[in-house]
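Have a look at the structure below before the remarks.
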Amino acid sequence: MSLYSLINTNSLNKMATTPFLYPAALTMWNILEAVAAYVDNTYSQLHPGLITIEKLEAATSDAGDDVSNWKLLYTIPLPLIEIYNVMQCEYYLLPAGAESNFMNFEAPKFPALTRKGWIKAQLVTYLHDLDCGETKTYDSLRKWIEKGDIRILSSGARLSPLQPKETIDYCANSLASELNIPINNIKANLTSYVASLSPSAAQASTETNITSSSFQQQQTALQQQARANELSRQRVALADAQIQASMERVNGMNNYGYQTRRRWF
């Protein structure tokens, strides 16, 4: 099957067969799977089966959250790619336009999560929030479920309002455990990545670069000065040699003239 056929078939619209899960894990799976389908189908008809930046921005706005970071990613998508890699989430790279053609090729650079990738991203983010004492992911899920007609894919039944956070916390941990997701490693890598983006880290990196650059500039200046001194020494030595040779020629002419005069007189 070609890549074009793969992306444009209904295979991306459907989740993989739901694994056998115990009730708590299955509850979280059904919630995330249903919300993934809702975000995919509701906020844009382009790229079905893929959660694009446009869909994420619209869904974030609909949940009443800040969308400034999503707007920035339209021009600088690389951080999102790095985050998806750190979180080990499945995604595709897409061009900026809706379609590509033979005449105007544009290298794909905008990441779009598959539904499975989105489920994993939400699960990792949820558990990361739990470690940090935050509720952002829980609040977003609750708002989407309250606002939209979100249905469980396996049964078609409407998703019930989100249960209390303590219950969903337990369900999220159960799902990560039963799917054998290396959640602790991913959260540690995510924490390290976020820390690397902090202003202090950026400042330290900048200062290190400046120090390294200053040292290199100093070394270059010293090398240039040493070359200039060597050239100057060579010029002085050459001038001395030329003067010495001239003096010897003059002395030779004087001696020859004196001896000649002596013979003449």
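The values are calculated or read from the model by the stated rules, or taken from the named source; none is laboratory data. All of these numbers come straight from a predicted model, not from anything done at the bench. Heads up, the Cβs are rebuilt from the backbone with ideal geometry, glycines too, and the neighbour counts pull from every protein chain shown. The protein model used for the area step is the full one, side chains on, heavy atoms only, and it has no ligands, DNA or RNA in it. Shrake-Rupley method; radii C 1.70, N 1.55, O 1.52, S 1.80 Å.
Some observations on this one:
- Flag for Ser61 being open to solvent by 20 Å² or more (accessible area, probe 1.4 Å), among the polar types (S, T, N, Q) and at pLDDT 85 or above: yes
- Listed by first and then second residue, the pairs linking a residue in the stretch 129-148 that is among the small types (Gly, Ala, Ser) to a residue that is open to solvent by 30 Å² or more (accessible area, probe 1.4 Å), with Cβ atoms under 6 Å apart and 6 or more places separating them unless they lie on different chains, are Gly148/Tyr38.
- Among the residues of the stretch 61-77, those that are part of a helix (DSSP H, G or I) and in contact with a helix residue (DSSP H, G or I) (Cβ under 6 Å, 6 or more places away or on another chain) comprise Trp70, Leu73.
- Pairs where the first residue, in the stretch 180-207, is basic (Lys, Arg) and the second is modelled with pLDDT of 55 or more and surrounded by 11 or more Cβ atoms within 10 Å (Cβ to Cβ), C-beta under 9 Å, 6+ apart: Lys187/Val124; Lys187/Leu127; Lys187/His128; Lys187/Asp131
- From Tyr74, Tyr43, residue being open to solvent by 40 Å² or more (accessible area, probe 1.4 Å), at pLDDT 90 or above and over 28 Å from Ser174 (Cβ atoms): Tyr43
- Going through (1) outside any helix (DSSP H, G or I); (2) open to solvent by less than 30 Å² (accessible area, probe 1.4 Å); (3) among the hydrophobic types (A, V, I, L, M, F, W, C) one by one, Val35 falls short only on (1).
- Of all the numbered requirements in (1) in contact (Cβ under 8 Å) with a residue 12 or more places away in the chain; (2) surrounded by fewer than 21 Cβ atoms within 10 Å (Cβ to Cβ), Ser68 misses one, and that requirement is (1).
- Taken together, the criteria exclude Ala121 from residues that are in contact (Cβ under 8 Å) with a residue 60 or more places away in the chain, touching a strand residue (DSSP E or B) at 6+ places or on another chain (Cβ under 9 Å), outside any loop (DSSP other than H, G, I, E, B) and not hydroxyl-bearing (Ser, Thr, Tyr).
- Of all residues in the stretch 101-124, those being buried (at least 17 other Cβ atoms within 10 Å of the Cβ) and farther than 25 Å from Thr135 by Cα number 2.
- With respect to the conditions (1) modelled with pLDDT of 65 or more; (2) open to solvent by 90 Å² or more (accessible area, probe 1.4 Å); (3) part of a helix (DSSP H, G or I), Asn209 falls short on a single one, namely (1).
- Hey, Leu80 of a type outside the set (Ser, Thr, Tyr), part of a strand (DSSP E or B) and either open to solvent by less than 30 Å² (accessible area, probe 1.4 Å) or in contact with a Pro (Cβ under 9 Å, 6 or more places away or on another chain) (or both) or not: no
- Verdict on Asn180 being at pLDDT 90 or above, outside any helix (DSSP H, G or I) and within 26 Å of Leu80 (Cα to Cα): yes
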